[in-house]
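Scroll down for the structure; my scribbles are underneath it.
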Amino acid sequence: MLYYPGCTVKATAIEYEKSALGILKEFGINVIELERWICCGIYHGLTVDTAYQTVAPMRNLIWAQNQAEKLSIDNNYLLTLCSMCYNTLKSAHLRYINDENIAKRIKAFLNDESLYKGNIKVIHFIQILNEIIGYDKIKEKLVNPLKGLKVVPLYGCMLLRPNEIAIDNPENPQIMQNLLHILGAETINYPYVNQCCLSYLVTKRPYLVWKRADDITNSALDKGAKLIVTTCPLCAYNLTEGQKKSFGSVKLPIFYESELIAYAIGKYEYLKKDRLNMLENILKGV
Amino acid sequence: MPGTVETIKDTKLVEGKAVEGVLGAGKKLVTIYVMGKWYQVPAGLTITKALEYLGYRLVRGVGCRAGFCGACTTLWVKKNDYKLYSGLACQTMVEDGMYLVQIPFVPAEKRIYNIEELEPNGSVVLALYPEVTRCIGCNACTKVCPQEIQVMDTIQEIIRGNIAKAARMAFDCISCGSCSLRCPAEIKHFYVFQLVRRLYGKYIAPKAKHLEKRVKEIEERKYDGALDRLIRAGPDKWRELAEKAQKDEEVET
Ligand code: SF4
Ligand code: SF4
Ligand code: FES
């Protein structure tokens, strides 16, 4: 399966890439990084005009298509780890196949690339665990159940909105909780499960982001959570930095779901050393 | 349009006799436009030479004349072609119907930094040039680069923090600025590339051992005697040595 990394997992979320790719390998999924890729295009992904912002994601989709053809990969899956990349690439794909007008403009502008045939299937890491590997397969490999560990999941918004690309029910998502239960953890209900972390507002109005991180963290702490679980590098970044701003340090650590799986199936080599220590300390306390 | 001629008929007087023009009678002429003005020049000239043939004295927009300095950035369009072309005037032959604009220099602000105080990572580059993250992937920069650098991909390597790779990819950049003129994100690629190459050279690339050794020898004044002898040797000896050196022969002083 082809893999689109995205800038964040290469820069600030290295522990996510390490653990997620490790796990996929463990479950027999052959991941091949795209030879050529650029930023998914999120910087313009949330604006209203539609053609120009489709350019960057479309190039990535075209390069994926070309590489799939070259390597005769016929499942046409394109794996993403970052929720934001998932959202941008998938939305661009849908815009292209559903809006003739945009497709026309894109084709005219991208005359330096091959034609996009519209068959790349953008898929997020959690979907692979759920739909392709299957949670029961993960259960079989369990060696360190996270017994008694209370966690809150944080989906953020990019996997759930807009509706057309949602990987689960946007109002009551369960896909992460189901897996966490299999890992032996206890999930707690709290109001921020599908809240936006305010993403790139951190560059313009950071005080809003710090406030949001504060709200999410306090709510989770009140309910007795020991850590926050996410799959989005942006949520992880904003919450970590937000906590440092508000409390002077990280009071409630943020872990990627992949890190918890790696620990639960006993594959410590996929965890960064400091992360492993941190997780072990938390588990000692429960 | 003034009457078009096909070939050169020019001659000039040398010691009272008419001889062929410097550029050769019988050569084909092409029509070009310089700053909107119609001209005919012999085919086969570079844009720089064509301008001088027409009598322009180049003060800005020319330097090495060898494709290395990036001073001669020129834009043009052609008849019945929507594309805006760009290239180095000293390296590009005139073509019939070219509509040329010389770019004396590309305005850009260079951020001030002390290389000694920087760390070699992507965040440092983005802190100095935050506009780099505005890249929308249009690839306009790559299309105009006369050095055939994958400009967009290099910018993208910087965004994801891989400055060593970016420095190697941008090694051939001659700061002509064509890419920056076209960039909708207003990135000043050549300054950004200079920064990543400096960081790479200072902190990442392996140090050249022989260079260190030679610098040390110079500091220890090992070559002072040889230099003194050379200065005393006089012009004839210098000429002889220079000729030898040009032929890559061993030079003893
Ligand atoms: S990267 Fe830009 S400035 Fe450098 S040579 Fe290419 S077009 Fe010119
Ligand atoms: S021209 Fe600017 S915006 Fe377009 S790809 Fe190049 S760097 Fe990115
Ligand atoms: S004059 Fe130096 S590159 Fe053209």
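The values are calculated or read from the model by the stated rules, or taken from the named source; none is laboratory data. This one's a predicted model, so the numbers in the text were calculated from it and none came from an experiment. So basically every Cβ, Gly included, is an ideal-geometry build from the backbone, and we count neighbours across all protein chains shown. To get the accessible areas, we keep the full protein, side chains included, count just its heavy atoms, and leave off ligands, DNA and RNA. Shrake-Rupley method; radii C 1.70, N 1.55, O 1.52, S 1.80 Å.
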Kindly indicate whether A:I128 is part of a helix (DSSP H, G or I) and either more than 14 Å from every other protein chain (Cβ to nearest Cβ) or of a type outside the set (S, T, Y) (or both).
yes
Looking at segment B:111-128, can you tell me whether even one residue there is within 16 Å of ligand 2 (Cβ to nearest atom), over 18 Å from B:A167 (Cα atoms) and hydrophobic (A, V, I, L, M, F, W, C)?
no
Output the qualifying pairs, or none if there are none: Cβ atoms under 6 angstrom, residues six or more apart or on different chains, first residue in segment A:187-215 and under 21 Å from A:R161 (Cβ atoms), second residue surrounded by fewer than 16 Cβ atoms within 10 Å (Cβ to Cβ) and modelled with pLDDT under 90.
A:L208/A:L201; A:V209/A:L201
Please find, within segment B:124-142, the residue that is farthest from ligand 1 (Cβ to nearest atom) out of those that are in contact (Cβ under 8 Å) with a residue 40 or more places away in the chain and assigned to a helix (DSSP H, G or I).
B:V124
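Among the listed residues B:A226, B:A205, identify the single one that is among the small types (G, A, S), more than 14 Å from every other protein chain (Cβ to nearest Cβ), surrounded by 13 or more Cβ atoms within 10 Å (Cβ to Cβ) and away from ligand 1 (no atom under 16 Å from the Cβ).
B:A205
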Test each condition in (1) open to solvent by 50 Å² or more (accessible area, probe 1.4 Å); (2) part of a loop (DSSP other than H, G, I, E, B); (3) away from ligand 3 (no atom under 16 Å from the Cβ); (4) free of Cβ contacts under 8 Å to residues at least 24 places away in the same chain for B:V59 and report the one that comes out false.
(3)
Can you tell me which residues in segment A:5-43 are open to solvent by 30 Å² or more (accessible area, probe 1.4 Å), at the interface with chain B (Cβ under 8 Å from one of its Cβ atoms) and in contact (Cβ under 8 Å) with a residue 40 or more places away in the chain?
A:Y43
Scan (1) in the same structural domain as B:A170 (by TED's automatic domain parsing); (2) on the phi > 0 side of the Ramachandran plot; (3) open to solvent by 60 Å² or more (accessible area, probe 1.4 Å) for the single condition B:N139 breaks and write down its number.
(3)
If only one of A:R95, A:R105 is modelled with pLDDT under 95, assigned to a helix (DSSP H, G or I) and more than 14 Å from chain B (Cβ to nearest Cβ), which one is it?
A:R95
Per the filter on segment B:147-187, residues away from chain A (no Cβ under 14 Å) and more than 16 Å from the chain's Cα centre (by Cα) are B:A167, B:R168
Pairs returned, first residue in segment A:142-158 that is among the polar types (S, T, N, Q), second residue that is buried (at least 18 other Cβ atoms within 10 Å of the Cβ), beta-carbon separation under 8 angstrom, 6 or more apart or interchain, are A:N144/A:Y263; A:N144/A:A264; A:N144/A:I265
Taking the residues in segment A:196-240 that are of a type in the set (V, I, T) and part of a helix (DSSP H, G or I) as candidates, determine which candidate is surrounded by the fewest Cβ atoms within 10 Å (Cβ to Cβ).
A:T203
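Of all the residues that make up segment B:62-73, how many are within 14 Å of ligand 1 (Cβ to nearest atom) and either part of a loop (DSSP other than H, G, I, E, B) or among the hydrophobic types (A, V, I, L, M, F, W, C) (or both)?
Adding up the residues that qualify gives 8.
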Step by step: first the residues of segment B:82-100, then only those that are open to solvent by less than 50 Å² (accessible area, probe 1.4 Å) and either within 14 Å of chain A (Cβ to nearest Cβ) or touching a helix residue (DSSP H, G or I) at 6+ places or on another chain (Cβ under 6 Å) (or both), then the one that is nearest to ligand 2 (Cβ to nearest atom). Which residue is that?
B:S86
A:N277 passes all but one of the listed conditions (1) at pLDDT 95 or above; (2) open to solvent by less than 10 Å² (accessible area, probe 1.4 Å); the exception is number (2)
In segment B:148-196, residue farthest from B:W76 (Cα to Cα) [restricted to those that are open to solvent by 20 Å² or more (accessible area, probe 1.4 Å) and of a type in the set (S, T, N, Q)]
B:N162
